[in-house]
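Below is one structure, written out as structure tokens, with a few remarks after it.
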Amino acid sequence: MAPDRPPAAQLPLDLPHRTALGRDDLIVHAGNETAVGWLRRWPDWPGRVLALVGPPASGKTHLSTVWADEVGARRLDPTALTSDLVPALAAGPVLIESADDIADEEALFHLINLTREEGGSLLLTARAAPARWPLALPDLRSRLGAVPVAALGLPDEAVLTALIAKLLADRQLSVEARLLDWAVSRIGRTPAAARALVAALDRESLAAGGRLGPGLFRRVVTAFAEAESDVTVL
């Protein structure tokens, strides 16, 4: 039985009101507000473990990185966790990214158990909920079945439109609202795509003398969307 530990202080992670997070802006929307709420509840997660799940580019890395930086968590990829590491990890905050690709299932099983006993905390990111992970160890499936899941969805077009407008304004650029709507209908529905598009628009406008007219805007967006499509196909 682990010795009694003083209760951990609540994390001052005021994400909905925080816009600058390193080099990125965090936009809270209907697709991620539940997950943001779960992260703000740290360390009061049932069983001291939380799964943060969502499709590619839905913001798992961004949110989990914010959490890890705020709490000083140790970050591991799914191949780095071994049974030898578990005792040293269990008492503190730990982030395992892409945990659905876990290599050592027994190590994760023991880490979950010991984290609860030692008063640590464990954040697991994955593409799908733990119930859908291809696990061979029945005991691990059972443990993960009790882990709360914070699911992420993609932002809607209104959120992306507002994000692009803000990022353009940060660079002293602007375009008509109808052009923003047109652009959002053609690019990937992720904040990462919006930021990459604005970076491309900024580069091209600087090359054109600092002006971003409708013609240049349309050309850049069309080229950007075609490049995105090529990457998706590959």
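Averaging the sequence gap over all C-alpha pairs within less than 8 Å and six or more residues apart, then dividing by the number of residues, gives the chain a relative contact order of 19 percent. Computed in the context of the full set of protein chains, the accessible area of the chain at 1.4 Å probe radius has 52% of its extent on carbon or sulfur. Backbone phi angles across region 43-55, fed through the Karplus curve with coefficients 6.51, -1.76 and 1.60 (θ = phi - 60°), yield HN-Hα couplings of x, 8, 9, x, x, 6, 10, 9, 9, 9, 10, x, x Hz in residue order; Gly and Pro are listed as x.
Region 32-94 and region 147-167 have Cα centres separated by 20 Å.
For the chain, the solvent-accessible area works out to 51 Å² per residue, with a probe of 1.4 Å and every protein chain left in place.
The values are calculated or read from the model by the stated rules, or taken from the named source; none is laboratory data. Here the structure is a predicted model, which means the values were calculated and not measured. Just so you know, the surface numbers come from the protein's heavy atoms only, side chains and all, with ligands and any DNA or RNA stripped out. Shrake-Rupley method; radii C 1.70, N 1.55, O 1.52, S 1.80 Å.
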